[in-house]
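Asks: Can you read through this structure? Questions will come right after.
The values are calculated or read from the model by the stated rules, or taken from the named source; none is laboratory data. Model, not experiment: these values are computed from the prediction. All Cβ positions, glycine included, derive from the backbone under ideal geometry; neighbour counts span all protein chains shown. Ligands, DNA and RNA are stripped out before the accessible areas are found, and what is left, the full protein with its side chains, is counted by its heavy atoms. Shrake-Rupley method; radii C 1.70, N 1.55, O 1.52, S 1.80 Å.
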Amino acid sequence: MDLRLLAEGTSFRLVPASVHGILWLQTHFESEHWELLADGLITLCRDDVESLCSDAAEAGLSLDPLPSPTSSNRV
């Protein structure tokens, strides 16, 4: 697993789960966000997560399925 998604209300917390996940995220976000990304502290709306997941899957990353916004958080 390279990226995990945790439902938080109507948003999703993006949690890198491998070095590949972190490196891939660094190519998609500016450097001032890297520490927050590495710590799993970035939350995104569903539309942004769907787009990000599509890009990540095309790049060959392994991802958690997109959880329901009402599902319980899991790691």
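Asks: Compute the accessible area per residue over the chain, keeping the other protein chains in place, probe 1.4 Å, unit Å².
Replies: Using a 1.4 Å probe on heavy atoms only, each residue of the chain averages 59 Å².
Asks: Something else now. Kindly give Rg over Rh for the chain, based on alpha-carbon atoms, with the Kirkwood expression for the hydrodynamic radius.
Replies: Reported Rg/Rh (Cα atoms, Kirkwood Rh): 0.92.
Asks: Using a 1.4 angstrom probe on heavy atoms only, work out the carbon and sulfur share of the accessible area of the chain in %.
Replies: Carbon plus sulfur share of accessible area: 52 percent.
Asks: Turning to a different aspect of this structure: Can you give me the distance in nm between label points at residue 8 and residue 48, each placed 7 Å from the Cα along the Cα-to-Cβ direction?
Replies: My value for the distance between the label points is 1.1 nm.
Asks: Taking only Cα atoms, what is the 0 to 90° angle, nearest 10, from helix 46-58's long axis to the longest principal axis of the chain?
Replies: For 46-58 against the chain, the angle is about 50 degrees.
Asks: Rank by packing, highest mean first: peptides 54-61, 3-10, with packing defined as the count of other Cβ atoms within 10 Å averaged across residues.
Replies: Highest-to-lowest ranking by the protection proxy: 3-10, 54-61.
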